Amino acid sequence: MALGFLSRLKQGLARSSAKLTESIGAVLVRRRLDEAALTELEDALVAADLGPHAAAQVIAAFRRTRFGREVTDEEVRSALAEEIAAILAPVAKPFEIDRVRRPHVVLVVGVNGTGKTTTIGKMALAYRDQGLRPVLVAGDTFRAAAVEQLQIWGERTGAPVIAGPANTDAAGLAFDALTRARAEGADVLLIDTAGRLHNKTALMEELRKIIRVLRKQDATAPHSVLLVLDATTGQNALTQVEVFKEMVDVTGLVVTKLDGSARGGVVVALAEAFGLPVHYVGVGEQAGDLRPFVAEEFARGLVGT
């Protein structure tokens, strides 16, 4: 990670860390880490969207190593960063394209408004910079704005964008796109999808149809299914993971809009609850604001150390 992004990550998590450190400061005014302090600290962690299980895990570690000691809030924040990093480390996995696939098919899912289309554009730009050839598919065929947005990213990255008329069958579009991507020797095929959860059954059928149709050409496709989550939704992100895991085999997560929220702690809750790889985090609108997830840096940013 470049230093510029680290500073943006810290800035992006400022609201989350302010919420958490304020709570820690209120609990610990140079006092012993007794049972009452630990209970208050656990409540503060839950309120910071870490979720009850991750909070309990952190407090259990504190009870083992620091119980009865007189501590400052700085000491607690440093120790908290270590414990959070330990929870996050197993899920901090870079997203890797299998260059043998030609193309590696990536299905990008999530509810509308989480930043799926922008995430695809930023990923395409990163692949272009690596000398790879991405192809983009405007599979959210019900939203003209999503198609237009992806076409703008296509122009910006020089990547072909495959789109159809409004309300085109998304599965047929994906099939045609895979045919073209294979013929042109593309390295990665990034497929945008709809995210209308108000009719879950219809969305589930659409996503499953896309997968069935892709497998007529490549029995192993899609090779990755990325679920994009908006950090500002807090604990609702966990519900979204449950819903999409029911629909498709989610292989990894992207967490966006960490800069617009005091709920960055939800990444810890996601790691503890599901153990799914967190490949990327987003802290802004610029192309460079989507970066690989690094557990230690995120933990330090979250607690403001």
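The values are calculated or read from the model by the stated rules, or taken from the named source; none is laboratory data. As the structure is a computational prediction, the values presented were derived from the model and not from experiment. Using ideal geometry, Cβ is built from the backbone for each residue, glycine included, and neighbour counts are taken over all protein chains shown.
Could you check the stretch 156-171 and list, in sequence order, the residues that are in a helix (DSSP H, G or I) and within 24 Å of Asp129 (Cα to Cα)? If the condition is that a residue be in a helix (DSSP H, G or I) and within 24 Å of Asp129 (Cα to Cα), then Arg156, Thr157 are the ones that fit. For residues in the stretch 252-282 being touching a strand residue (DSSP E or B) at 6+ places or on another chain (Cβ under 6 Å) and small (Gly, Ala, Ser), which is surrounded by the most Cβ atoms within 10 Å (Cβ to Cβ)? The qualifying residue surrounded by the most Cβ atoms within 10 Å (Cβ to Cβ) is Gly282.
Here Arg215, Arg208 are screened, and the one residue that is surrounded by fewer than 18 Cβ atoms within 10 Å (Cβ to Cβ) and either under 19 Å from the mean Cα position of the chain (by Cα) or over 23 Å from Glu96 (Cβ atoms) (or both) is Arg208. When we screen Asp169, Asp140 for residues that are acidic (Asp, Glu), farther than 22 Å from Gly260 by Cα and surrounded by fewer than 19 Cβ atoms within 10 Å (Cβ to Cβ), the only hit is Asp169.
Does Ala231 satisfy the criteria of being surrounded by 17 or more Cβ atoms within 10 Å (Cβ to Cβ) and of a type outside the set (Lys, Arg)? Answer is yes for this residue.
For the stretch 283-297, residues that are of a type in the set (Phe, Trp, Tyr) and surrounded by fewer than 24 Cβ atoms within 10 Å (Cβ to Cβ) total 0.
Within the set Leu13, Leu107, Leu88, Leu41, the sole residue that is at pLDDT 85 or above and more than 23 Å from Thr256 (Cβ to Cβ) turns out to be Leu41.
Screening the stretch 180-198 for residues that are over 18 Å from Glu96 (Cβ atoms) and in a loop (DSSP other than H, G, I, E, B) and picking the one that is modelled with the lowest pLDDT gives Arg196. Could you please let me know if Thr201 is hydroxyl-bearing (Ser, Thr, Tyr) and either within 21 Å of Phe293 (Cα to Cα) or in a loop (DSSP other than H, G, I, E, B) (or both)? Taking the combined requirement at face value, the residue does not satisfy it. When residues in the stretch 192-201 are screened for being over 21 Å from Ala145 (Cα atoms) and loosely packed, with under 12 Cβ neighbours inside 10 Å, 1 of them pass. Being under 18 Å from the mean Cα position of the chain (by Cα), closer than 14 Å to Ala194 by Cα and of a type in the set (A, V, I, L, M) is not true of Val106. The set of residues in the stretch 148-182 being touching a helix residue (DSSP H, G or I) at 6+ places or on another chain (Cβ under 9 Å) and among the β-branched types (Val, Ile, Thr) consists of Ile152, Thr157, Val161, Ile162. On inspection, Ala174 fails the criterion of being assigned to a helix (DSSP H, G or I), modelled with pLDDT of 95 or more, out of contact with any Ser or Thr (no Cβ under 7 Å at 6 or more places or on another chain) and loosely packed, with under 15 Cβ neighbours inside 10 Å.
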